[in-house]
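Undergrad: Quick one: the structure is below, questions incoming.
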Amino acid sequence: MSLRLWQRIYLTVFILVSVILAIFSILWQRNSFRIMLESEQNTAISEHSYIINTIQNAVLTEQLRQGKLTVTTGDIRTLVSLTLQEQITQDCALFLGSVIYAYNHEETLEQKKQFSEIDNSNYALHTVLDGDRYLCYVTSRFSVQDSSFVLVSVRDLSSLYTLSQTSNWQLLFLYTAGASIMAIVLFISLRSLLKPLQKLNTGITAIAEGNYSMRLPQTRKDELGVITDNINRMAAAIETNVRELKQVADDRQKFIDNLSHEMKTPLTSILGYADLLTIVEDIDPVTRTEYAKVILSESKRLRTLSDKLMELITVGQITSQEMRMLPIEPLIDEVALSVRPMLTQQNQHLIINVQPFFLYADKTLLQSMLYNLIDNARKASPSEGKILLQALIRDGRPILTVTDYGIGIPPEDLEQITKPFYMVDKSRSRQAGGSGLGLALCQEIAALHHAELKIQSELGKGTEVSVIFPSENETTERSISNETG
């Protein structure tokens, strides 16, 4: 079973702090005991030195009393024994060689013999456990007259070890109590600190389940506040993307439905009249010609629909390598020449107003866009009407404008007019050979050139379609970037 995040943090911090405190406590206790033990051992050495000085002073006093430079061995033995018995309270014994010379306590005499061997004049310390007592034996060598003696003194350190054990138990109690308090405080602190994470988890779970409108409350300024802000931004981005994807899916489905409908109508007519021509044998020439014209008209309509659709699909595949700096005047002249036969059929007139400038564009796509805009203007204009084609510089930005003075577009249709297959008057558009793809194609071409397609219209007065390109500086920078890239 895996632990939750707060549980892992809790156990990790608790164990880490507990181990550090335990190590610190043990080291502190050992250091304290070492200092006290050294102090007791120094005291034992001081007492040991005091005994030696007392014995040497007693012998010296006896020499002065007798007025001699030396006293007899017997006098020394008697003097030392009296000194140890009467003046020294510390447990000690004096050895001459390996033979005991004098002592004041008999109970530790055997242990003193064990520590009476010493080869130098330094102090030798030995701490041993004798029953339930800890005894410190101090051994050193000194001289009295011409004799070399060894003194072994004993200091009881039991109280020190008892105090150390008591301190250990007290430290263990304090450590246990401190660890318990730390566990409670750490638990409360972690639950309080990680409580915002639970709210984050609840919000993230809701977002993961599809509630992209969910937003987490932003009340903090720390790292959690930054995470909350990023989660809200992520949810907003996901919500926007989902909405856009849904819109794309809806538009695609509508596109397919419209395409099916647009293709079904002429196909039905073609199949119907072709079937009549096949079944009916005695059709008079006039009727046969009429049926053939319908088939021809609907076939042309299908071909136009297919061409427009193919052009709309492939326009996005044009790469920036096909963009060039083009002079606008020759391009406008070529477009005017290509649309002249189409306009002549209805006695319509194309008026051209061009300022000379260069435009960073794809020539074929730009001509196609202008052709479609002029074709739409032709369909909306009356016979013998006028269409104005302009290429101007306004506020440093190149603008291509196609203006007609025809029927106009209702305001409620202006936002929908660039969608594929959208027609303001479907019956009239079909009669004029329209498919509803012209402005959609123009919109795609404008977007490819980083331009803005702007449509202004008023019912009964006409429509103006403007393609506003980036400024000359932006165009130059993009041109250089594409050529170097």
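Undergrad: Applying 1/(1 + (r/R0)^6) with R0 = 41 Å to the Cβ-Cβ distance of TRP169 and GLU223, what FRET efficiency is obtained, to the nearest 0.05?
TA: Result of the calculation: an efficiency of 0.40.
Undergrad: May I ask you to compute the full-extension gain from THR43 to ASN211, defined as 0.36 nm times their residue separation minus their alpha-carbon distance, rounded to one decimal in nm?
TA: 52.4 nm
Undergrad: For LEU5 and VAL354, FRET efficiency with R0 = 51 Å and r from the beta-carbon atoms, rounded to 0.05?
TA: 0.15
Undergrad: For the stretch 89-152, just the Cα atoms, rotate onto the principal axes and tell me the three extents in Å, largest first.
TA: Computed over the stretch 89-152, the largest-to-smallest principal extents equal 40, 22, 20 Å.
Undergrad: Taking the Cα centre of the stretch 5-176 as origin, sum charge times position over the Cβ atoms of Lys and Arg (+1) and Asp and Glu (-1), and report the length of that vector in debye to the nearest 20.
TA: For the stretch 5-176, the charge dipole is close to 560 debye.
Undergrad: At 0.36 nm per residue, and after removing the present C-alpha to C-alpha distance, how many nm does the segment from GLN66 to LYS199 gain when stretched out fully?
TA: So the chain would gain 37.8 nm between GLN66 and LYS199.
Undergrad: If you don't mind, there's one more thing I want to ask. Quick one: give the max-minus-min coordinate of the C-alpha atoms of the chain along each principal axis, largest first, in Å.
TA: Principal extents (largest minus smallest coordinate, Cα): 175, 53, 39 Å.
Undergrad: Restricting to Cα pairs below 8 Å that are 6+ residues apart, what does the relative contact order work out to for the chain? Please round to a whole percent.
TA: Relative contact order of the chain: 9 percent.
Undergrad: Based on the Cα coordinates of the stretch 112-255, what is the per residue volume of their convex hull in Å³?
TA: Enclosed volume per residue, from the Cα hull, is 258 Å³.
Undergrad: I'd like to know which of SER368, PHE358, LEU459 lies farthest towards the positive end of the charge dipole of the chain, counting +1 on Cβ of Lys and Arg and -1 on Cβ of Asp and Glu.
TA: Ranked along the dipole, the leading option is LEU459.
Undergrad: Of the listed pairs LYS199/LYS221; LYS363/LYS454; LYS300/LYS461; LYS419/LYS461; LYS386/LYS454; LYS293/LYS461, which have alpha-carbon separations greater than 27 Å here?
TA: With Cα atoms farther than 27 Å apart: LYS300/LYS461; LYS293/LYS461.
Undergrad: Rounded to the nearest 20 Debye, what is the dipole magnitude of the chain about its Cα centre when Lys and Arg each give +1 and Asp and Glu each give -1 at the C-beta?
TA: Computed charge dipole of the chain: roughly 600 debye.
Undergrad: Roughly speaking, what is the stretch gain from HIS126 to LYS454, that is 0.36 nm per residue apart minus the C-alpha to C-alpha distance, in nm to one decimal?
TA: Once the chain is fully extended between HIS126 and LYS454, it gains 107.5 nm.
Undergrad: Scattering from the C-alpha atoms of the stretch 5-176 alone, worked out with Debye: what is log10 I(q)/I(0) at q = 0.12 1/Å?
TA: -0.65
Coordinate-derived values only; no laboratory data. All of these numbers come straight from a predicted model, not from anything done at the bench. No Cβ is skipped: glycine too gets one built from the backbone with ideal geometry, and neighbour counts run over all protein chains shown.
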